[in-house]
Amino acid sequence: SLVGSEMCIRDSWAKLNNLKQSAKTMNFLTEHGISSYGELESKLTALSARRDTAHAEIKRIESRSAELTLVMKHAGTYRQLKPLYERYRKSNDKEKFLRGHESEIILFEAAARECKRLGAVPLPATERMQAEIDELNARKAILKAELQKAQRKEQDYAAMRQNVEDFLSPPQPEQERKKNVELE
C-alpha cells in the first residue's frame, strides 16, 4: 500500500538522519577531545560562564562610558560658562547681570552641582576622558566578538549534548512512535 511504503521511506530517512547525526556528534566529540558526558557538560558550563563574564564586562564598560560622557558634557558646560559666571560674581549689580544672563548662570550652577555629584572635582581633562572612552570602546568591541564566539560555541555544544541525550534515551515503542508520526 501507498501508506505502508511512505512509512518505510520515512523510517529509512529517519534511520539515515539519525546515523548522520550520530556521526556528526561523534566527530565533534572526538575533535574536541570529549570522551564522557561529564566532560561535555563541563565544557558547556565553562562556555556559559565565559559568555556571562563577557556580557557582564560589556555592561560595566557601557555604564562607565555613559558616566564619562555625562561628566564630559557637564564639564564642558562648566568650562564654557565659567568666565561668564566669574563676571557675574564680580558684578556690582548682580540683579541686572542675572536678568541678562539668567539661563547661562542656571546652566553653570547645574553643571557645577552635577560635576560634584559625579565626583568630577577637580574637573578631569577632556582629552583624558576621551582617551578612556576610546579605550573602553576598543575593549567593548573585543568583548563583543568574544561574546558572539562563546555564544556560537555554546550553541554547538548544547546541540551536541542534546544529540547525546537523544542517543542515550530509550527508543520509543513502535505504537507511540506511529502516534507521533500521525500527529505531524
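The values are calculated or read from the model by the stated rules, or taken from the named source; none is laboratory data. Everything numeric in this text was worked out from a predicted model, so none of it was measured. Here the Cβ is made from the backbone with ideal geometry for all residues, glycine too, and neighbour counts use every protein chain on show. These accessible areas exclude ligands, DNA and RNA; they are computed on the full protein's heavy atoms, side chains included. Shrake-Rupley method; radii C 1.70, N 1.55, O 1.52, S 1.80 Å.
Observations
- For segment 20-102, the spherically averaged projection of the C-alpha convex hull amounts to 10.4 nm².
- In this calculation the C-beta distance from A49 to K73 is compared with R0 = 41 Å, giving a FRET efficiency of 0.65.
- In the context of the full set of protein chains, residues of segment 1-152 present 69 Å² of accessible surface per residue (probe radius 1.4 Å, heavy atoms only).
- M72 accessible area, 1.4 Å probe, all protein chains in place, Å² to nearest 10: 40 Å²
- Taking every protein chain into account, the 1.4 Å probe leaves I142 with about 90 Å² of accessible area, to the nearest ten.
- Note on E86 and L19: the model spin-label points, each 7 Å out from Cα along the C-beta direction, lie 8.7 nm apart.
- Residue-level accessible surface for H55, protein heavy atoms, 1.4 Å, Å²: 90 Å²
- Shown in residue order for segment 71-82 are the 3J(HN,Hα) couplings computed by the Karplus curve 6.51 cos²θ - 1.76 cosθ + 1.60 at θ = phi - 60°: 4, 4, 4, 5, 5, x, 4, 4, 4, 5, 9, 4 Hz (x for Gly and Pro).
- At q = 0.22 Å⁻¹, base-10 log of I(q)/I(0) for segment 34-81 (Debye sum, equal scatterers on each alpha carbon): -0.77
- Its Kirkwood hydrodynamic radius, worked out from the mean inverse distance over all distinct Cα pairs, puts the chain at 22.9 Å.
- Which listed pairs, of K82/K116; K59/K140; K15/K43; K59/K144; K96/K116, have C-alpha distances above 19 Å, in listed order: K15/K43; K96/K116
- Heavy-atom accessible area ranking, 1.4 Å probe, most first, across D11, D52: D52, D11
- Here the 3J(HN,Hα) profile of segment 123-140, calculated from phi with Karplus coefficients 6.51, -1.76 and 1.60 at θ = phi - 60°, is 4, x, 5, 4, 4, 5, 5, 5, 5, 5, 4, 4, 4, 4, 5, 5, 5, 5 Hz, Gly and Pro shown as x.
- Distribution of pairwise C-alpha distances over segment 56-119, 10 Å bins, in %: 22, 39, 22, 11, 5, 1
- Most positive-pole-ward Cα, W13, L44, T69, against dipole of segment 6-74 from beta carbon charges: T69
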